[in-house]
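Below is one structure; the comments refer to it alone.
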Amino acid sequence: MITFPGTRIILGAELLAFRHRLLKRNTARLVLLVIALLLAAVFIGGGAFGLGVTAGQYLPSARDGLLAGGFTALSVLMLVVGFPTVIATFFVGRDLLQLVLAPVRPTC
């Protein structure tokens, strides 16, 4: 099995930073965030699942269109949400500085 020591170091540092960010937050605010995420997952996920099952059951000719539309919508959502995050990480975030300073050999 091939191990990647650089990847292990970088991911370990990211997990440690994520842990510190979580522990620094207000406990009540963190609990409210978790509850809101669970409620959103139940209502949004349940609604999408129910809509898909109902449409698949009663509109069998529309299954291909529903799948294509769903995947297209997911792709556009990932582009709209992910692109600003990537740009912010490259130009504002300190993650690249961490990669520069990571004790990783150039030839892994």
Inset, instruction - Evaluate segment 37-45: report whether one residue or more is part of a helix (DSSP H, G or I), open to solvent by less than 100 Å² (accessible area, probe 1.4 Å), within 14 Å of G70 (Cβ to Cβ) and in contact (Cβ under 8 Å) with a residue 12 or more places away in the chain. - result: no
Inset, instruction - Name every residue in segment 26-36 that is open to solvent by less than 70 Å² (accessible area, probe 1.4 Å) and modelled with pLDDT under 85, in order of residue number. - result: L30
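Could you check how many residues of segment 48-79 are surrounded by 11 or more Cβ atoms within 10 Å (Cβ to Cβ) and either among the aromatic types (F, W, Y) or assigned to a helix (DSSP H, G or I) (or both)?
Total meeting the criteria: 12.
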Legend entry - Flag for A17 being open to solvent by less than 100 Å² (accessible area, probe 1.4 Å) and either touching a residue at least 40 places away in the same chain (Cβ under 8 Å) or under 20 Å from the mean Cα position of the chain (by Cα) (or both): yes
Inset, instruction - Working only within segment 1-14, note down all residues that are surrounded by 11 or more Cβ atoms within 10 Å (Cβ to Cβ) and not in a helix (DSSP H, G or I). - result: F4
Inset, instruction - Please indicate, with yes or no, whether at least one residue in segment 99-107 is open to solvent by less than 90 Å² (accessible area, probe 1.4 Å), modelled with pLDDT under 70, in a helix (DSSP H, G or I) and touching an Asp or Glu at 6+ places or on another chain (Cβ under 9 Å). - result: no
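The values are calculated or read from the model by the stated rules, or taken from the named source; none is laboratory data. The structure displayed is predicted, hence computed values, not measured ones. Note: ideal-geometry Cβ built from the backbone for every residue, glycine included; neighbour counts use all protein chains shown. We work out accessible area using only protein heavy atoms, side chains counted, and drop any ligands, DNA or RNA first. Shrake-Rupley method; radii C 1.70, N 1.55, O 1.52, S 1.80 Å.
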